Structure formats: structure tokens, C-alpha cells
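The values are calculated or read from the model by the stated rules, or taken from the named source; none is laboratory data. This one's a predicted model, so the numbers in the text were calculated from it and none came from an experiment. As a convention, Cβ positions derive from the backbone with ideal geometry for all residues, glycine included, and neighbour counts pool all protein chains shown. Ligands, DNA and RNA are stripped out before the accessible areas are found, and what is left, the full protein with its side chains, is counted by its heavy atoms. Shrake-Rupley method; radii C 1.70, N 1.55, O 1.52, S 1.80 Å.
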Amino acid sequence: EKGGYDWFMLKEIAEQPQAVADTLLGRLGENGELVLDEVRLSDQELRDIDKVFVVACGTAYHAGLIAKYAIEHWTRIPVEVELASEFRYRDPVLDRSTLVVVISQSGETMDTLMALRHARDQKARVLAICNANGSTIPRESDAVLYTHAGPEVAVASTKGFLTQVVACYLVGLFLAQVRGVKYADEVASIVDDLRELPAAVSQVLAGMEPVRELARSLATEDTLLFLGRHVGYPVALEGALKLKELAYIHAEGFAAGELKHGSIALIGPGTPVVVVVPSPRSRGSVHGKVVSNIQEVRARGARTIVVAEEGDDDVLPYADHLIRVPRTPTLLAPVVTTVPLQVLACEIADTRGLDVDQPRNLAKSVTVE
Ligand code: M6R
């Protein structure tokens, strides 16, 4: 059933282009229009929303962090992202005009379910982004947008994550469409860009042999750091989580801009540092700042593993290892930049002789609080 792959995780990584395509299928209409009939919230309800919370756990929470950048940019509605296990314990401000987006691959995560119940008790509208059809979370929500990733067996979420990110884009673009926002042109062209994502993911997957080799050389490390900025920051967190859960190696993700506020002290001779570089077309000078960060950590002895867009030659002088991803619009980049980090974690765990699909101490769905 692993379809010739050694691990379900490898099979599920390979299925990502199809999973992304299936999640988009039938939802991108003509002329950049989105068709999300399943979202059973009326246009008026969607227009009345004045605040969005995204609530989830683990990898799904990282998808939520990416959602914040996209939804705020496209809709101008303030978005807060919160861990489900923290959400209801701090008495968040919720009312009828709050949209709470809960994200869960399994639809059975107890922390997320309890957060959703709390939100509904407070009269907020709840939209679930979920993969498992008919599971508890979508059943208890006001509306649901299913990711069509197909069954995910490996404990580590891969295609679940990528399709959650895509579903979050759809939610953001749909809200923008219903509310009529000033970025209308940009929104239409982003819809075209979404159609390119499955091919872009395939392209990344086709170039993974050097990542496998690199993984073998990292298998005896005892710590790895991941840096990113803007949407690359949640990608760094996700890369670190994958490595922790699969390879049992200490890993931390940082916002690259925070390095100088403390974490740079961790870097010593040979410390492997993975840097997710934003597109050179990003707003402000974020790209240049991250390139400087690579330079800084390398000057302190780090072994730099750089994930950068094709054609970005600014990183060349500072990359000990370079992983190329196709040119992708800034907000959509996580769909391509996450993939090499999944492969890296999977291959490091495999080299260490670990059970990639069933890491110790973990369950596929966490049904206790
Ligand atoms: O099924 P869910 O999406 O609600 O699961 C949430 C987390 O437990 C899950 O993403 C977990 O972090 C994964 N094992 C990460 O790979």
C-alpha cells in the first residue's frame, strides 16, 4: 500500500502535486472568480466579519500563521493566529462578527475541537478547514472547506499541510471577492498563480536528490536551526517541527530578524542553519536582510543550507548548500519552500534508522486535551 515507497511519508510527499490540484479542483472559476459553494455562510455574514482568528495545533497551526499574511493582505481584515490549546483559556474577544477558522487534518484533535466549541458558545462563526470527511470538527462547525489531500497515514503531516495552506489562500481570496477589496487585480492574478502550484511542487520534487545526500551528512548532528522571514518564518517553524518529531534532533525555527536579539549566540563552528530566503520581489528590503543574516551566521561558523528561488544569485557567496525552488509569488512561496524541508527531515530520520511513519511518543490524531 506504500506504492513502492519505503515509507508512507515519502508516498504522501510525492502525492503533493496531486493533493494541491485536487484541493483547487472546481474552486477556481472563470475570470479569476472563486467558487466555494460549500462555505455555507451568506455573503452578508461574510461582509459583516470584522476580525478573523485562526486556531489550530502543530503543523496546522503553522498553516494558520501563513494564512495570516495572506488573509490580512488580501482582505484588510485583522487576523490573529492562536494555538488551540491556549485559545479558550485566555478569554478571547469573540462575537457574531468574528470568523474563527479552525484547521485540522484529522478533524478529531481535541484541543481544536474544544476551541471551536468555545468560539461557537461565544456566537462566533466557525469555518473548518479539514481533510477527514465527516469528522467531528467539520460536523460541529458552521461551514467547512475540505482539503482534498486523500488519506494521510504517516504521523508527520505533509500533504495535509500543503493543502491546508492552499485552503487558507482560498478562504482569503473568497473573503476578498465577497467583500470587494481594493486589491481586485492582484487577486485575479493570484488565482492564475494558484493554478501553477501543482507543477511547481512537482518541479521541486524532481530536484530532491541533492537534499537526500545532504540529509545523510546531517544525520549525526544534534541541533539544527531554521530561519525565515515573512511567510518563510512559519516555514522555518514547520521545518524544525518535522525534524524534531521524525529525527529526534533538537531543532528550532526563528524569525530571521530576531537573530540579533538573542538566538545568534547559539551559533558556533559548524552549526547547521537552514535559511528560507524570501523572494527578491518581496515587499520592503526583506530579501536583502535575510541575505545579510546568512552572511552573519556564516561569519560565526555556521554551515548554511539555503532555500532560495531560482535566479536569486545574491545568496551564492554565502550558501554552503543551495536548494533551489521555482519562482513563486511571495505569499504562495510556502507551498514550494516547505517541500525540501519535509524531505530533509524524512531522510535524516531514515538515515538514523528510525521509524519515519510512527515516531516515538506520537499519535496521528491527538484526541485528548
Ligand atoms: O489533525 P490535526 O491537523 O488537527 O493535527 C494537528 C497536529 O497534531 C499535527 O499537525 C501534528 O503537529 C503533526 N504530527 C505534525 O506533523
Item to complete: Report the full-extension gain for the segment Arg179 to Ala219: residue separation times 0.36 nm, less the Cα-Cα distance, to one decimal in nm.
Response: 9.5 nm
Item to complete: Report, to the nearest 10°, how far helix 334-351 tilts away from the longest principal axis of the Cα atoms in the chain, using its own Cα long axis and a range of 0 to 90°.
Response: 50
Response to the item:
Most packed first (mean Cβ within 10 Å per residue), the peptides 48-59, 97-108, 22-33 order as 97-108, 48-59, 22-33
Discussion item. Rounded, prolate or oblate, given the Cα gyration tensor of the stretch 225-356, with a/c below 1.5 counting as rounded?
Written reply: oblate
Worksheet item: If you stretched the chain out fully between Thr351 and Asp314, how much longer would it get, using 0.36 nm times the residue separation minus the C-alpha to C-alpha distance?
Response: 10.1 nm
Item to complete: Order Phe226, Phe8, most accessible first, counting only protein heavy atoms with a 1.4 angstrom probe.
Response: Phe8, Phe226
Worksheet item: In degrees between 0 and 90, to the nearest 10, how far off the longest principal axis of the chain does helix 184-206 point, with axes built from Cα atoms?
Response: 40
Worksheet item: Within the set Lys51/Lys123; Lys68/Lys123; Lys2/Lys364; Lys68/Lys244, which residue pairs have Cα atoms separated by over 20 Å?
Response: Lys68/Lys123; Lys68/Lys244
Fill in: Backbone N under 15 Å from the Ala188 label point (7 Å along Cα→Cβ), restricted to the stretch 10-39
29-34
Fill in: Rounded to 10°, Cα long-axis angle of helix 232-247 versus longest principal axis of the chain
70
Item to complete: Would you mind checking which residues have amide H under 5 Å from Glu309's amide H? H placed 1.01 Å from N; only 5 or more apart, or other chain.
Response: Val325
Worksheet item: Where Lys and Arg each count +1 and Asp and Glu each count -1, what net charge lies around Gly262 among other residues with Cβ under 15 Å from its Cβ?
Response: -1
Fill in: Other-chain or far-sequence residues with amide H under 5 Å of Ile129's (modelled H)
Val102, Ile103, Ser104, Leu145
Worksheet item: Which FRET efficiency, nearest 0.05, do Gln358 and Arg47 yield, Cβ-Cβ r, R0 51 Å?
Response: 0.65
Worksheet item: How much area per residue is accessible in the chain when the probe is 1.4 Å and only protein heavy atoms are counted (Å²)?
Response: 40
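Could you tell me what percent of the accessible area of the stretch 300-342 is made up of carbon and sulfur, with a 1.4 Å probe and every protein chain present?
46
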Worksheet item: Expressed as a whole number of Å, what is the distance separating the alpha-carbon centroids of the stretch 247-303 and the stretch 39-94?
Response: 28
Item to complete: Quick one: order His261, His321 from most to least accessible surface, probe 1.4 Å.
Response: His261, His321
Discussion item. Strictly greater than 35 Å: what percent of every Cα pair in the chain meets that?
Written reply: 21
Worksheet entry | Sequence-distant residues sharing a close amide H with Leu227 (under 5 Å, placed H) | Phe254, Val274, Val275, Val276
Response to the item:
The correct ranking of Lys242, Lys68 by accessible area at 1.4 Å, largest first, is Lys68, Lys242
Practice prompt. Could you tell me what percent of the accessible area of the stretch 130-255 is made up of carbon and sulfur, with a 1.4 Å probe and every protein chain present?
Written response: 51
Worksheet item: With the Cα gyration tensor of the stretch 1-125 giving a ≥ b ≥ c as the square roots of its eigenvalues, does the rule (a/c under 1.5 for rounded; else a/b larger than b/c for prolate; else oblate) give rounded, prolate or oblate?
Response: oblate
